[in-house]
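Just below is one structure, and these are the notes that go with it.
The values are calculated or read from the model by the stated rules, or taken from the named source; none is laboratory data. Being a predicted model, the structure only gives us computed values, none of them experimental. Please note: Cβ atoms are built from the backbone with ideal geometry, for glycine as well, and neighbour counts cover all protein chains shown. Each accessible area value is taken on the protein alone, full model and side chains, heavy atoms only, with ligands, DNA and RNA left out. Shrake-Rupley method; radii C 1.70, N 1.55, O 1.52, S 1.80 Å.
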Amino acid sequence: MSDITESEGQNTESLSQGGSSSDDPVPFSTERTDEGFFRRTIKTYVIRAGRMTDNERRSYEELNQVWCIPFEHRTLNFAEIFGNTNPITMEIGFGMGQATAQIAAANPDMNYLGSEVHVPGIGRLLYEIKTRQLKNLFIIEHDAVEILETMIPDNSISAFHVFFPDPWPKKKHHKRRLMQRPHTDLLAQKLAPGGYIYFATDWDEYAEVALEELSHTPGLHNRYESYAPHQEWRPRTKFEQKGIDAGREIHELYFIRDEEA
C-alpha cells in the first residue's frame, strides 16, 4: 500500500472501513536540510505488519533483484530499464498487485512501474510477473513521494494509477493523504502532456476533497464534469468488491495534463 500503501485495496486491512487507529505509528521520517539540520517529513503511508505466505516470501527473496529497482538518488532512464521507449504508467501503492499484473499483461506495448512498501504485496506481484512472464513491469519498494521527487524525470509519465489508497479518515491525519496539493502538483509535474491521473476510492469525503484538490492543481483538467465513470479496462479487485457488497459507493476521478502550447 502506497506512498501510501496505495492501490487496489492497497489497504489490505480494508482501511476504507475505519482507517488507522489512534495507536498506529505516526509516519514521520527525518531528512537533513542544506543547513545541516534535520526536519521531520510527513509520510502518506504507514507500514503495517502483514504475514507473508511461503510463496510470497520465496518470490520476494528470489525475484527481488530481477524486477525491483533499488531506491537511489538518481534519475531513472526508462529506455535503459525497459529496453524501449514505450509509454510509462506508474501505479502508486499497488497493494497485492493482481490488478497491476492484469493491466500490464493486457498492454504489452506499454511499460509499468509500481511503487509499494507492503512486502507481502511485493512478493505477490513478483510471483505474478514470473508466472505471467511479464517483461513490461518493474517495482520500487519505497515511499512514492520520495521516488517522484528523486527518481522520476519531469514530463515522463503517461499515466498515474492511484487505486484505493489509505483514506486517512481521521481529521488529524488528513495531511497524510496523497491526493491533495502539493502532492498533486508533483504528479502534474511528472506527467507528460496529455497524460492522466486515474484515482479511485470508496471513501466519500476523500473523493470530494480529491476532486477539489485536483481541480485546483495547475496544468490539470477534468476529463468529465465531476466523477468519472468506471473505466472498463480497470479490473475490479476483491477489496473493491467487498466495498460494493457493503453498500459503499466507488468514486473515480480522471484528470488529464494540459497539452503544452
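Counting only protein heavy atoms, what percent of the accessible surface of the range 61-137 is carbon or sulfur at a 1.4 Å probe?
Working: 1600 of 3380 Å².
C and S atoms contribute 47 percent here.
Work out from phi, with θ = phi - 60° and the Karplus expression 6.51 cos²θ - 1.76 cosθ + 1.60, the ³J(HN,Hα) of each residue of the range 84-98, listed in order in whole Hz, and give x for Gly and Pro.
Once θ is set to phi - 60°, the couplings for the range 84-98 become 7, 10, 5, x, 10, 10, 10, 9, 9, x, 8, x, 8, x, 5 Hz.
Within the accessible area of the range 190-261, what % is carbon and sulfur when the probe is 1.4 Å and the other protein chains stay in place?
Working: 1810 of 3710 Å².
The nonpolar share, carbon plus sulfur, comes to 49 percent.
Please compute the per residue accessible area over the range 47-93 with all protein chains in place, 1.4 Å probe, rounded to a whole number of Å².
Details: 2970 Å² over 47 residues.
Result: 63 Å² per residue.
Once both labels are modelled 7 Å past Cα along the beta-carbon direction, what's the K135-A106 spacing in nm?
Going by the 7 Å Cα→Cβ label model, 2.2 nm.
Starting with the highest mean, order 100-108, 52-60 by the number of other Cβ atoms within 10 Å, averaged over the residues of each peptide.
Details: 100-108: 18.6, 52-60: 15.7.
Taking the mean over residues of other Cβ atoms within 10 Å, the ranking is 100-108, 52-60.
Straight-line reach only, C-alpha to C-alpha below 29 angstrom: list the lysines that K135 could link to, leaving out same-chain residues fewer than 8 apart.
K190, K238
Rounded to the nearest angstrom and ordered from largest down, what semi-axes does the equivalent ellipsoid of the range 112-261 get from its C-alpha gyration tensor (root of 5λ)?
Working: eigenvalues 104, 90, 52 Å².
Rounded to whole Å, the semi-axes are 23, 21, 16.
Using a cut-off of 25 Å between alpha-carbon atoms, which lysines can reach K242, once sequence neighbours fewer than 8 places away in the same chain are excluded?
Answer for K242, where 25 Å is the Cα cut-off: K170, K171, listed by chain and number.
At 1.4 Å probe radius, can you tell me the per residue accessible area of the range 143-250 in Å²? Before the final figure, lay out the partial values.
Working: 4660 Å² over 108 residues.
Per-residue value: 43 Å².
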